[in-house]
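The values are calculated or read from the model by the stated rules, or taken from the named source; none is laboratory data. Given the structure is predicted, the values throughout are model-derived calculations rather than measurements. A quick note on method: Cβ atoms are made from the backbone with ideal geometry, for glycine too, and the neighbour counts reach across all protein chains shown.
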Amino acid sequence: MADIEKITIKKKENIKPKEILILFLLFVLGFGCGYFFNSTLYNFSWEKEDTGERNILNEALDIIEDDFLYFTPEKENDLIYGAIRGALNSLNDPYSAFFDPKETKEYLDEISGTYEGIGTELGLKDNKIIVISPFKDSPAEKVGLLPGDIILKVNSESINGLPIEKVTQKIKGPKGTKVILEIQRGEEIKNFEIVRDKIEIPVVTFQKLGNDIAYINLYNFNENSPEKFERIIQEILNTNCKKIIVDLRNNPGGYLNSAIDITGYFLKKDDIIVQEKFGDNQIVNRAKKNGPLSDFPVAVLINQGSASASEIFAGSLKENKNALIVGEKSFGKGTVQNFIKLTDGSSIKITVAEWLLPSGKNIEGKGIMPDFQISIDEYPIKEIENDMQVQKAIEILEKNNF
């Protein structure tokens, strides 16, 4: 997933739908004034204040409910949800979104690592919905979708102007059903018919290359990624491996805390992993101890499908221990989102912070440039000896006298 997220689930006393909307819109209106946070969760204060904005909102909602010819009580949720979506759209932020209760359940299923669909992470770039990366062995990967593909239509329907969460909803569906995507790749327009399947997002694999190189393929930074990564560390330490390649190609990111934990395994105590910037406030996340892999020379593989948490990892290792970056420029996502569940089972995902590299650099829209830029036409390449980016990483690790 491209979003770096922190999950906040709040239990509140029962509130009428209109009050939920009013409180939410007041939050959006005051969003630029600052953030209330602690080290793990962001806590927002929903104070009921009698403001002019609230009076106008009450007035408008009352007019719609009282005067609209076709208004029925059943339409109240549609009215509320539509207004919340409109409020979030007014922020002009591609990563802030509203999910109704059904969409919330689907979203939580997805970030848990298992759902039904085609297995790809979508993003927004230059106001176009693009494929950030297809997941390994997913239907999307098998039919040949590539990072950077622009989605034009879903099942012959244009998606122009639709928010990204709506496009995702259109693409997902039960296992065994088909979806047709119209894709723009460069100047070429292509159609892909994809059979949906149960998607189990992979986490991490390890194999030994040559005499002393550990090759780690890290597919995402999900909630359980640090635990699974720790098992890989033990395997590496039980070998005679002395150098490491970490493959983050087509890794769309995930949880901020997972990125911090996994990056810390490679750093020395007090090395800066990542900084979080909340308006005028800032949190500096440092390695708490010497990581078990902190003495290993590392090469990191990235491409345009490497986003978010992947960029934290690659940028932090580059700046802290001169890790060598091989491949193509990464996606360029430098913001953190918070996921907040509302009382009726709906939810909002909203951008709350920027993240910065240890040097203070923000890579939003810029990405991370590799030290050794090598492009390949198709990824993945099944035979590792034919993978020019992996072979370059092996070459520079063997030639450099660490």
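Out of Lys361, Lys321, Lys341, one residue alone is charged (D, E, K, R), under 17 Å from Ala393 (Cα atoms) and surrounded by fewer than 20 Cβ atoms within 10 Å (Cβ to Cβ). It is Lys321. Among the residues examined, Glu230 qualifies as over 26 Å from Thr120 (Cβ atoms) and either surrounded by fewer than 24 Cβ atoms within 10 Å (Cβ to Cβ) or among the charged types (D, E, K, R) (or both). Among the residues of region 84-105, is there at least one that is modelled with pLDDT under 90 and among the β-branched types (Val, Ile, Thr)? Within region 84-105, none of the residues are modelled with pLDDT under 90 and among the β-branched types (Val, Ile, Thr).
Candidates in region 100-129 are the residues that are among the hydrophobic types (A, V, I, L, M, F, W, C) and under 16 Å from the mean Cα position of the chain (by Cα); of these, the one that is nearest to Val143 (Cα to Cα) is Leu122. Against the test of being in contact with a strand residue (DSSP E or B) (Cβ under 6 Å, 6 or more places away or on another chain), crowded, with 18+ Cβ neighbours inside 10 Å and within 22 Å of Lys392 (Cα to Cα), the options Gly254, Gly305, Gly315 yield a single qualifying residue, Gly305.
Considering region 143-158, and only residues there that are over 21 Å from the mean Cα position of the chain (by Cα) and not small (Gly, Ala, Ser), the residue that is farthest from Gly119 (Cα to Cα) turns out to be Glu157.
Annotation note: Cβ proximity below 7 Å between a residue of region 353-379 that is assigned by TED's automatic domain parsing to the domain that holds Asn303 and in contact (Cβ under 8 Å) with a residue 24 or more places away in the chain and a residue that is outside any loop (DSSP other than H, G, I, E, B) and aromatic (Phe, Trp, Tyr) (sequence gap 6+ or interchain) occurs for Ala353/Phe278. Taking the criterion of being outside any strand (DSSP E or B) and among the aromatic types (Phe, Trp, Tyr), the only residue of region 202-226 that qualifies is Tyr219.
Count of region 178-218 residues, restricted to those that are polar (S, T, N, Q) and exposed (fewer than 13 other Cβ atoms within 10 Å of the Cβ), is 3.
So that you can scan it fast, the table gives a plain yes or no per residue for (1) more than 17 Å from Lys208 (Cα to Cα); (2) within 19 Å of the chain's Cα centre (by Cα); (3) in contact (Cβ under 8 Å) with a residue 60 or more places away in the chain; (4) not assigned by TED's automatic domain parsing to the domain that holds Ile130:
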position: Ile232; (1), (2), (3), (4): no, no, no, yes
position: Glu235; (1), (2), (3), (4): no, no, no, yes
position: Thr239; (1), (2), (3), (4): no, no, no, yes
position: Ile244; (1), (2), (3), (4): no, no, no, yes
position: Asn257; (1), (2), (3), (4): yes, yes, yes, yes
position: Ile260; (1), (2), (3), (4): yes, yes, no, yes
position: Thr263; (1), (2), (3), (4): yes, yes, no, yes
position: Lys269; (1), (2), (3), (4): yes, no, no, yes
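Per the conditions (1) touching a residue at least 60 places away in the same chain (Cβ under 8 Å); (2) under 14 Å from the mean Cα position of the chain (by Cα); (3) not assigned by TED's automatic domain parsing to the domain that holds Gly176, the sole criterion not satisfied by Ala83 is (2). Candidates are the residues of region 109-151 that are of a type in the set (Asp, Glu) and without any contact (Cβ under 8 Å) to a residue 24 or more places away in the chain; the one that is nearest to Ser258 (Cα to Cα) is Asp109. For Phe98, the stated conditions hold: it is part of a strand (DSSP E or B) and farther than 21 Å from Leu181 by Cα. Reported count of residues in region 358-388, each being in contact with a helix residue (DSSP H, G or I) (Cβ under 8 Å, 6 or more places away or on another chain) and not in a loop (DSSP other than H, G, I, E, B), is 3. The residue list Asp149, Asp137 contains one member that is acidic (Asp, Glu), under 19 Å from Asp377 (Cα atoms) and modelled with pLDDT under 90, which is Asp137.
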